[in-house]
Amino acid sequence: MTPLRLPPLSASPFGLIRSGLRWLRPPGAILAAREPLAVCGVRVAESRRGARTGDGPVEPPLAEEQNDLQVVLAPRAPGRVAPRADQSRGGYQDLVAAADWEAGEAIADGDAEGGGELQALVLMGRRGFENGEARGGLLPGWYERTRASWEGDGGERFGTVLSYGTCEQTALFRGDEAPFVDWFARAPGPAQLVWVPDERTVHSSAVVLQHLRRTPAEARAIAGAVHGWITERLTAGGPDAFPAFLPDSARGRLGGRWAEAQGALLALHLLSEAVGSSPLLERTQVLTRRGVAEQPPPDAVALSLGSEFASHFRHRRTGWILAFHGFRFGQFIGPAFVEWLRRDFEPVPRTVADVERDLAAVADEVAARTGGALLVQNLIASSAADRVPNHAWLGDGHATSLPVQATEANLMLLGLTRHPAVSVVDSDALAAELGVRHCPDRFHAARELLDAQREEVHRVLRDRRVPGF
């Protein structure tokens, strides 16, 4: 058996401390190359030598993700692995960083050829709400952005891919089990994946384009509109507005929470996203063997046509555009917020021509500002139920049905690939080839289709020569 050792990982001039290890596989398990063996939490801390330069104190790196940094360790080659028991302390010692990261420290033994140094997958989460504490598991909390980076065996430059699509990209990029592990096993690196969810607003091309072009004056106007509505809602409550004082407040119902506060929190989160930096332009920091390295904006941005046909609303006074999936209305988006949408916003119908115009504009903006490209995932229009040879008799309503819209949008997207910064991820062709049973609702794919989609995204990234993939 060969000792399996911690790889070099540095936050110089700061120190790096880690928690005890949590084993992800039982003793004696046979692991594939880059299959996760263990995970620990890490923190950037002032080194014993002091984190200073000649110009004074150095700002700590990874500050936005400081409370949610994890390192997943995996063997570089397949083989049987035996963890060392003294590396797992149990309890909170395996959750809270307390010991120095020591490169070369043996944590397990293995019989893989060329064993020795383990491979590190660094996971990072930027919380949707900074006090939203969650511990245990791999990136277990609510995040408005999660990332993964790994050095691998490639060159010096990290390639970065941002997933900015709707929910069908969650499992495709972040994964359906351990986050980002499917990509860790596939891409040699150095590589970075960034995933931004769509729980707050859907990132359609209209929303993304407006964010890219927003001015400080527009941001102030949006902030004023949100603050005004929140003030109106929180000061208008009568004697029955506070659920803690109602007879049934402790019976485990939704009414036991303060509904007005829920609407206000949603509005504030939407505001923070609207006036914050665009993920398409954000630079990032990654831990490497030699220290923290700053990365440029994404080389590739993955969008999806599924975002384009969500419900869009434009604020009548400021022009601020929001988009939501229909299923979020109800207990996700309460009646007070819906009433605000009806009163102060107007619906924005979206045609295929509108989507084509906005996607082309986003591609132009990204290419000009960062040199990046768009990878747009098309819609699954294929269905086992589509067996009608002549659609003329179905009437005008058929023209706006999901299968027809999806087919027209897919054709539009195919034409849009004439733009040098646009590529298509053809999920429809993959579903038709593998069988639509793998995605009966047209959006949420089963594992076999997801694997095929990942391979197609990987192929497109290689064709575009994105480093690390």
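Brief remarks follow.
- Taking the square roots of 5 times each eigenvalue of the Cα gyration tensor of region 2-141, largest first, gives ellipsoid semi-axes of 28, 18, 13 Å.
- Simple point charges give the picture: +1 on the Cβ of Lys and Arg, -1 on the Cβ of Asp and Glu, and for region 174-332 a dipole about the Cα centre of about 300 debye.
- Sequence of Met1, Met412 once ranked by neighbouring C-beta atoms within 10 Å, starting from the fewest: Met1, Met412
- Of all DSSP beta bridges in the chain, antiparallel share, percent nearest 5: 75 percent
- Mean Kyte hydropathy of 0.0 or more with a Cα span along the axis of at least 15 Å, helices from DSSP in the chain: 216-235, 259-275, 352-369, 402-416
- Total charge dipole magnitude, the chain, about the Cα centre, Cβ charges on Lys, Arg, Asp, Glu only, Debye to nearest 20: 560 debye
- By the beta-carbon count within 10 Å of each Cβ, the least crowded to most crowded order of Leu305, Leu139, fewest first, is Leu139, Leu305.
- Taking the C-alpha atoms of the chain, convex hull volume expressed per residue in Å³: 197 Å³
- The chain: relative contact order in percent, alpha carbon pairs under 8 Å with at least 6 residues between: 15 percent
- Taking other C-beta atoms within 10 angstrom as a stand-in for reagent exposure, Trp23, Trp150, Trp142 fall in the order Trp142, Trp23, Trp150, fewest first.
Throughout, read-outs are computed from the coordinates displayed, never taken from laboratory work. Computed from a predicted model, the values in this text were never measured in an experiment. In this analysis, Cβ positions are derived from the backbone assuming ideal geometry, glycine residues included, and neighbour counts consider all displayed protein chains.
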